[in-house]
Each structure stands twice: as C-alpha cells, then as structure tokens.
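Please treat every number below as a calculation from the coordinates, not as lab data. Not measured: the values here are computed from a predicted model. Quick reminder, even Gly has a Cβ in these numbers, built from the backbone with ideal geometry, and neighbours come from all protein chains shown.
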Amino acid sequence: MKATEIKEYLTTTYGKVTHDVDKLEGACKEVAHIHSVDPEDIFHFMVENQEIVQLYTHSYGFNTAYGRQLKTQFSEVYDSM
C-alpha cells in the first residue's frame, strides 16, 4: 500500500489519521519483506488486528506469541524511521 492509500483508508474508516503515513508505508514494506508476506497484510494486521494465516498470528481470536513479536517488530521499525 502506498502512503496515499493508507491515508485514504484510515480517513474513511476512522475519520482521521494520527500516525505518519510515510512511516507506516515503510514499516509495512520492511516487515513484510522480512516475513515474505504482502505489505497490505501487515497493514491490516497492525490496524485491524486481522490474522495473517501463513504466519499464524492468531489462535482462538488472540495474538499468538509470534503475532505479538510481529507487532513489537513493526513498532521498532516504525520508530526507527
């Protein structure tokens, strides 16, 4: 997803954007590359808590240890940008 698409999605869904969309785009791409998934999957995992099946991020509706690790990794990448 491009920064403009992220901004449009967040504005349409939540009414406002509180994060740096350029950093969100970069973090999604970097984390997706590390885990060999689509950046859009990372975006929806972080924003909507949607499961990424191939990474086994959820079990019974809750984040697995891997899912929690992925969120931490995303936050670290986002903060470092």
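Here the 3J(HN,Hα) profile of the range 64-74, calculated from phi with Karplus coefficients 6.51, -1.76 and 1.60 at θ = phi - 60°, is 6, 4, 5, x, 5, 5, 4, 5, 5, 4, 4 Hz, Gly and Pro shown as x.
Are there any chymotrypsin sites (Phe, Trp or Tyr not before Pro) in the chain that are in a DSSP loop and have at most 14 other Cβ atoms within 10 Å? List them by number. Intermediate values should be presented prior to the final figure.
Details: sites: Y9, Y14, F43, F45, Y56, Y60, F62, Y66, F74, Y78; in loops: Y56, Y60.
Sites meeting the loop and neighbour criteria: Y56, Y60.
The chain: longest stretch without exposed trypsin sites (Lys or Arg not before Pro) (DSSP loop, at most 14 other Cβ within 10 Å), sites themselves excluded? All intermediate terms of the calculation are to be shown ahead of the outcome.
Details: sites that count: K2, K16.
With a cap of 14 other Cβ atoms within 10 Å, the longest stretch comes to 17-81.
Under 5 Å between amide hydrogens, built in the peptide plane, is the criterion, and for H58 it picks out I52, T64 among residues at least 5 positions away or on other chains. One compactness figure for the chain is 1.04, namely its Cα radius of gyration divided by 2.2 N^0.38 Å.
By the scheme Lys and Arg +1, Asp and Glu -1, what is the net charge of all other residues having a beta-carbon under 10 Å from that of A32?
The answer is -3.
Our coupling estimate for the range 17-23, obtained by passing each phi through the Karplus curve with A = 6.51, B = -1.76, C = 1.60 and θ = phi - 60°, is 10, 10, 10, 6, 5, 5, 5 Hz, Gly and Pro reported as x.
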